[in-house]
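*Asks:* Below is the structure I would like to discuss, written out as structure tokens.
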Amino acid sequence: MIHARLSVPNSYNETAERIMMIPPHLEVWARRVQLMVKPRRFEHVLRVAELACQMARANGFDEALAYEAGLLHDIARDVSSMDLLKLAPPECPIDAAHPLALHGRAGRALLEYWGYTNEEVLWAVEEHTTGPSPDRPISKVVYIADVSEPGRNVNHHIREMAFHDLQGALDLAIGSKVRYLQGRGIQVHPRTMQVFNSLNIS
Ligand SMILES: [Fe+2]
Ligand SMILES: [Fe+2]
């Protein structure tokens, strides 16, 4: 028995532990997310929820709401392009050319269709693809947790900074994304540009 347990990959144990930590009132939503996304994505979702919760706690925000938003943020991430376009009609040529960029807005539309109503969480889901509005702390922690969760193996410095300087971490995350895209001549989503222009960075 012990040998069998040791042979189980670590990620399985970690995921099982994270599943057990899901609050009872979110079990139905978690099950829905699990049915909507690929298994690897569900592991990512659980890591984002946990990290967003920790970041919210460190910055004095509502940690339960941050967890909830992290859990729901990618609910439409594995929806087909055709369905993304139906759920979130394009607002700009980038949306039309890259429907994957719509999965935040599509996630919000799906949640609303299923009767979900918390506005802070809905905004965090909607904005996690393009960047958080300045006055939405839950959107900020979900955005940063999403780009820096340990499974991504990048942005460790942004993750660490978010625990003591959330705005600095956001400036870094959005600033480096915009400069990376602009440096390669790739058009930046207008919503991301709006967030970038609202930041206090040069
Ligand atoms: Fe996403
Ligand atoms: Fe994500």
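*Asks:* With N residues in the chain, what two-decimal value do you get for its Cα radius of gyration over 2.2 N^0.38 Å?
*Replies:* 1.03
*Asks:* Would you mind telling me which residue in Q182, Q34, Q167 has the biggest mean-square fluctuation in a Gaussian network model of the chain, where springs connect alpha carbons within a distance under 10 angstrom?
*Replies:* The residue with the greatest mean-square fluctuation here is Q182.
*Asks:* Okay, moving on. Gaussian network model of the chain, Cα springs within a sub-10 Å range: biggest mean-square fluctuation belongs to which of M161, M21, M55?
*Replies:* It is M21.
*Asks:* Under the 0.36 nm per residue contour assumption, what length would be gained going from the current alpha-carbon distance of H164 and N13 to full extension?
*Replies:* Going from the current span to full extension adds 51.4 nm.
*Asks:* So, one more: Any idea how far the Cα center of the stretch 48-79 sits from the one of the stretch 101-120, in Å?
*Replies:* 15 Å
*Asks:* Could you sort the peptides 68-80, 129-141, 113-125 by per-residue average Cβ neighbour count (10 Å cutoff), highest mean leading?
*Replies:* By packing density, highest mean first, the sequence is 68-80, 129-141, 113-125.
*Asks:* Taking all pairs of different Cα atoms in the stretch 48-132, averaging 1/r and flipping that mean, what Kirkwood radius in angstroms comes out?
*Replies:* Roughly 13.0 Å, rounded to one decimal.
*Asks:* Here is a follow-up. Would you list, by chain and number, the lysines whose Cα falls below 16 Å from the Cα of K140, excluding same-chain residues fewer than 8 positions away?
*Replies:* Output for K140: K177.
*Asks:* Could you give the dipole magnitude of the stretch 9-198 about its Cα centre, charging the beta-carbon of Lys and Arg +1 and that of Asp and Glu -1, in debye to the nearest 20?
*Replies:* Dipole of the stretch 9-198, to the nearest 20 debye: 580 debye.
*Asks:* Hey, if you put +1 on the Cβ of every Lys and Arg and -1 on every Asp and Glu Cβ in the chain, which of F196, L111, A76 ends up farthest toward the positive end of that dipole?
*Replies:* Sorting the options by dipole projection puts first A76.
*Asks:* Expressed in nm to one decimal, what extension gain is obtained for the pair S133 and I201 from 0.36 nm per residue of sequence separation less their Cα-Cα distance?
*Replies:* 22.9 nm is the gain from fully extending S133 to I201.
*Asks:* Ok, one more. Where does the stretch 104-202 land on Rg(C-alpha)/(2.2 N^0.38 Å)?
*Replies:* Ratio of Rg to 2.2 N^0.38 Å for the stretch 104-202: 1.09.
Here, each number is a calculation from the coordinates, and none is a lab measurement. Since we're looking at a predicted model, the values are computed, not measured. Cβ coordinates were reconstructed from backbone atoms using ideal geometry, including for glycine residues, and neighbour counts include every protein chain displayed.
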